[in-house]
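Rule-based calculations on the coordinates, nothing more; no lab input. As the structure is a computational prediction, the values presented were derived from the model and not from experiment. Methodologically, a virtual Cβ is constructed for each residue, glycine included, from the backbone with ideal geometry; neighbour enumeration extends over all protein chains shown.
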Amino acid sequence: MLIISSAIAAAIPMLVYLTIIWRFDRYDREPFALLLKNYLWGALGAIILALIGSGVLSILFSFLIQSKEILQRTETIIIAPVIEEITKGIFLFITVKNIKFDNMTDGIVYGGAIGLGFGMTENFLYFIAYGNTLSEWLSIVLIRTLFSAVMHCVSTAAFGAFLGYAKFKDSYAKTSLTLVGLFTAMLIHFAWNLSVSFESTALPGFIFMIFTLVIFIAAYSVSVLSERKIITEELTDETASGLIPPEHINILNSPLRNKTGWIDESIRKLYISAATTLAFRKVQLQNSKGMSKIYYEKDVEYFRNFISNLLSSRKETAKDYTRNPGETKPGEKL
C-alpha cells in the first residue's frame, strides 16, 4: 500500500506540472512525444547516471572525509547539485538539435520536463524510504511536491533557457552561455540543498525557493510574450505580398485564433500551425549559417507555398501537409 500510494503521490503532481508548463507555451507548443522523451530521461536515465556518479564521488570523498555526518552533508550540498544537474542536462544537448527547439521558451519547457521527471522518481524513492508514519509521509509528500521537485524543474529549465538563447549564437557565445546556464542550475540546486540541510536556514531556503519560482514564472511569461511578438512582426511582413490577410495578424497572435468563425473551420488548425511555423522559421533563417541556412530557406518557401495553396483552395486536409519523397520534413533534425 505504501508503494502504490507513494507512486501515485509522486507521479500525479509532476504530470500536472508538466501539463501546465506545456500548455502555457500557447503560440508554438512543443510536440508532446518529444516532451515525454525529456520527461522520461529525467525519470530514468538521469536518475541512473546520477546514482552512479554520486556513488563514485562519494567513495572518493570518503578517503578525504572521515566524519560520516560531514560526508553526508557534502554529498547533499556539493555532490548532488553538480552530478544531478549534469545528468539531467545531458539530454538537452540532444533535444537542442531538434528543429522544434529554437528559443528560450522551448528550453524552459524541455528542461522543466526533465526536472519534473527527475523529481518524480526522486520523490517516490524518498516517500517509500522515509514515510515511516502517516504524518511523516504526508509531511514529506507536501514539502517535496511543493518545493524539492519544483527546484529540479526550475534548475534544469534555467539551463534549458540558456541553451535555447544560445542556439543561434556564435561558438564563443554558445559555449559561454552553456557554461553559465549549467552553473546557474547548479547554484539553484546548491542553495536549496544547503538551506534544508540545517534547521537554522530552512526558512530562508523556503523563501529563496518561492522567490526563484516567481522569477521562473516571470521569465517564462516574458519568453512566451516574445513569441507573440515574433508572430506579429514576421507575419506582418507577409501581408505586403498578400500571403497573410492583414486582419488575421491580431487573431493569429492571440487566443482569438482558437475561436471559430474567422476562417473556414476545415482549415483553421492547419492554417494556424503553418503560419506560426513560418514566423519562427523566418527568425531561424535570419540567425542561421551554412547548411542550416539553406534548410531554413527551403522551409520558409515551403510554408509560404503551403499557406498560399491552403487559403486559395480552403479545402486542404491534413493529408496535404506532406512533402515530396526525399525532402526533409518539418520538425526533423538538421
Once fully extended, how much extra length lies between residue 297 and residue 169, figured as 0.36 nm per residue of separation less the alpha-carbon to alpha-carbon distance?
44.2 nm
Counting other beta carbons within 10 Å of each Cβ, put 296, 39 in order, fewest first.
296, 39
Once every Cα of region 76-218 carries one equal point scatterer and solvent is ignored, give the base-10 log of I(q)/I(0) from the Debye formula at q = 0.10, 0.15, 0.16 Å⁻¹, two decimals.
-0.35, -0.73, -0.82
Mind scanning 174/298; 269/293; 88/259; 68/174 and naming the pairs with a C-alpha gap bigger than 31 Å?
88/259; 68/174
In whole angstrom, note down how far apart the Cα centers of region 95-133 and region 245-287 are.
30 Å
Peptides 105-115, 266-276, 183-193: what's the order by average Cβ count within 10 Å, highest mean first?
105-115, 183-193, 266-276
For the chain, what does -39500 (n - 2.57) per DSSP helix run (n ≥ 4), summed and divided by total residues, give at 222 nm, in deg cm²/dmol to the nearest 500?
-24000 deg cm²/dmol
Taking the Cα centre of region 82-188 as origin and charging only Cβ (+1 Lys, Arg; -1 Asp, Glu), how large is the dipole, in debye to the nearest 20?
300 debye
Classified through the alpha carbon gyration tensor (a ≥ b ≥ c as square roots of its eigenvalues; rounded if a/c is under 1.5, else prolate when a/b is larger than b/c, else oblate), region 39-142 comes out oblate
Quote the charge dipole size of the chain about the Cα centre in Debye, to the nearest 20; the model charges only the Cβ of Lys and Arg (+1) and of Asp and Glu (-1).
560 debye
Cα-based helix-to-principal-axis angle, 202-236 vs the chain, degrees rounded to 10:
10 degrees
Work out, step by step, the length gained on full extension between residue 240 and residue 59: first 0.36 nm times the residue separation, then minus their alpha carbon distance; give nm to one decimal.
58.6 nm
Against the empirical 2.2 N^0.38 Å scaling, what ratio does the C-alpha Rg of region 242-284 come to?
1.12
Grab every C-alpha pair in region 151-282, bin the distances at 10 angstrom width from 0 up to the longest one, and report whole percents.
11, 28, 23, 21, 12, 4, 0
Using the Karplus equation 6.51 cos²θ - 1.76 cosθ + 1.60 (θ = phi - 60°), what ³J(HN,Hα) coupling, rounded to whole Hz, does each residue of region 22-37 give in order, writing x for Gly and Pro?
5, 6, 5, 7, 7, 8, 9, 4, 6, x, 5, 4, 5, 4, 5, 4
Proxy exposure order for 291, 151, 1, 209 (fewest C-beta within 10 Å first) is 1, 291, 209, 151
Are there trypsin sites (Lys or Arg not before Pro) in region 83-135 that DSSP marks as loop and that have at most 13 other Cβ atoms within 10 Å, and which are they?
97
Summing +1 for each Lys or Arg and -1 for each Asp or Glu, what net charge is found among the other residues whose Cβ lies under 13 Å from the Cβ of residue 256?
+4
Segment residue 217-residue 78, length gained on full extension (0.36 nm per residue, minus Cα span)
47.4 nm
Suppose every Lys and Arg Cβ carries +1 and every Asp and Glu Cβ carries -1, with no other charges. What dipole size does region 237-320 come out with about its Cα centre, to the nearest 20 debye?
220 debye
Using the number of other C-beta atoms within 10 angstrom as an exposure proxy, rank 135, 288, 254 with the fewest first.
135, 254, 288
Distance in nm between label sites at residue 93 and residue 287, each 7 Å beyond Cα in the beta-carbon direction?
2.1 nm
Which Cα, out of 76, 196, 162, lies furthest along the positive dipole direction of the chain (beta carbon charges, K/R +1, D/E -1)?
162
Cα-based convex hull, the chain, per residue volume (Å³, whole number)
165 Å³
Only loop residues by DSSP count here, and only those with at most 15 other Cβ atoms within 10 Å; note down the trypsin sites (Lys or Arg not before Pro) in region 170-267 that meet that.
259
